[in-house]
Amino acid sequence: MKNIVITGSTRGIGLGLAKKFLEKGHAVILNGSSQEGLNEALRRLSHYKSRVLGVKGTVADRDAMEHLFQSASQRFGNIDIWINNAGKGHPLKKAWELDDMMVRDILDVNLRGVINGTVVAYHGMSRQGGGKIFNMEGHGSGGSIIDRMSIYGTSKSAVHYFTKAFSHEAKGSGVQIGVLRPGMVITGMLMDTLSGSNEVARRKFYNRMADDVETVSEFLVEKMLASVSEYDCIDWLTKRKALFRLLFGSFRNRDFFTEPIDLMFFL
């Protein structure tokens, strides 16, 4: 049995990953900034009560991440995998249209949160003799640009650089570092991406390119458990797969939008 910590795991792909690890017989430590959200996630996973723990705390607070690692270790022992998944989006607005507080919040969660989680997990795993750390990438990590997502994209671009640089600094330490690239996943974060005059075209595009949480989570979990590289990039929506979907996606008979939903980009 492996012990896995996942930040931002009370909903979306974080919760999806937690569920898949639990289904495979592993122990999972959930994390979220809201006690209400944490309680709801624990309720949904109550079938696995003996192998799941919830720890409240914001990733922007280094002390909270230290507490998360310590709580997980005290309950289950060594931490085998730590996933920095917590992320924060923003409405589709240009950089100058977002207020300073929102920009700070996004950078605190998406960048400082990843740095805090990575450093804390690295120290803890070094003491225990090894482990794996995975950071969730997103739109901006690969250099692509989408109008009105400049702040979110900037934070994810920085995560990509930080993870690569950290992996060089940690080389030979016994702690593996990697990134997760889930592609475009249907979650509950960016309802605004479906608003406006291009809504019909966007829905058609998402039906071609996006995937549900369960499909992507299954793939990522299998790859993380099997990973042995000092640096690993686990990529669900590869360039080849994306091109194939763009060319032949019209033959995919599915519709994610029979119920009102929203999206978060992970490109």
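The values are calculated or read from the model by the stated rules, or taken from the named source; none is laboratory data. Everything numeric in this text was worked out from a predicted model, so none of it was measured. Note that each Cβ is placed from the backbone with ideal geometry, even for glycine, and that neighbours are counted across all protein chains shown.
Determine whether region 72-79 contains at least one residue that is surrounded by fewer than 22 Cβ atoms within 10 Å (Cβ to Cβ), on the phi > 0 side of the Ramachandran plot and touching a residue at least 60 places away in the same chain (Cβ under 8 Å). Yes, some residue in region 72-79 is surrounded by fewer than 22 Cβ atoms within 10 Å (Cβ to Cβ), on the phi > 0 side of the Ramachandran plot and touching a residue at least 60 places away in the same chain (Cβ under 8 Å). Checking the conditions here, which among His139, His47, His123 is touching a helix residue (DSSP H, G or I) at 6+ places or on another chain (Cβ under 9 Å), buried (at least 20 other Cβ atoms within 10 Å of the Cβ) and of a type outside the set (Ser, Thr, Tyr)? Every option except His139 fails the conditions.
Within region 88-120, the residues that satisfy the criterion of being part of a helix (DSSP H, G or I) and over 16 Å from the mean Cα position of the chain (by Cα) are Ala95, Trp96, Glu97, Asp100, Met101, Met102, Val103, Arg104, Asp105, Val119, Val120.
Under the condition of being under 21 Å from Leu220 (Cβ atoms) and not aromatic (Phe, Trp, Tyr), the residues counted in region 107-139 number 17.
Restricting attention to region 134-162, the residues being within 14 Å of the chain's Cα centre (by Cα) and closer than 13 Å to Cys233 by Cβ number 7.
Filtering region 130-151 to residues that are closer than 19 Å to Asn116 by Cβ, at pLDDT below 95 and either touching a Ser or Thr at 6+ places or on another chain (Cβ under 7 Å) or part of a helix (DSSP H, G or I) (or both) leaves only Ser141. When the residues of region 104-120 are filtered to those that are under 25 Å from Arg181 (Cβ atoms) and charged (D, E, K, R), the one that is surrounded by the fewest Cβ atoms within 10 Å (Cβ to Cβ) is Asp105. Considering the conditions (1) surrounded by fewer than 24 Cβ atoms within 10 Å (Cβ to Cβ); (2) touching a Ser or Thr at 6+ places or on another chain (Cβ under 8 Å); (3) not in a helix (DSSP H, G or I), Lys19 is excluded by exactly one of them, (3). Being surrounded by fewer than 17 Cβ atoms within 10 Å (Cβ to Cβ) and on the phi < 0 side of the Ramachandran plot is true for just one of Met65, Met101. Which residue is that? None of the others qualify; the one that does is Met101. Filtering region 58-77 for residues that are in a helix (DSSP H, G or I), under 16 Å from the mean Cα position of the chain (by Cα) and among the hydroxyl-bearing types (Ser, Thr, Tyr) leaves an empty set. Checking Arg104, Arg112, Arg127 one by one, the residue that is under 25 Å from Lys171 (Cβ atoms) and free of Cβ contacts under 8 Å to residues at least 12 places away in the same chain is Arg127 and no other. Against the test of being in a helix (DSSP H, G or I), among the aliphatic types (A, V, I, L, M) and in contact with a strand residue (DSSP E or B) (Cβ under 9 Å, 6 or more places away or on another chain), the options Leu30, Leu38 yield a single qualifying residue, Leu38.
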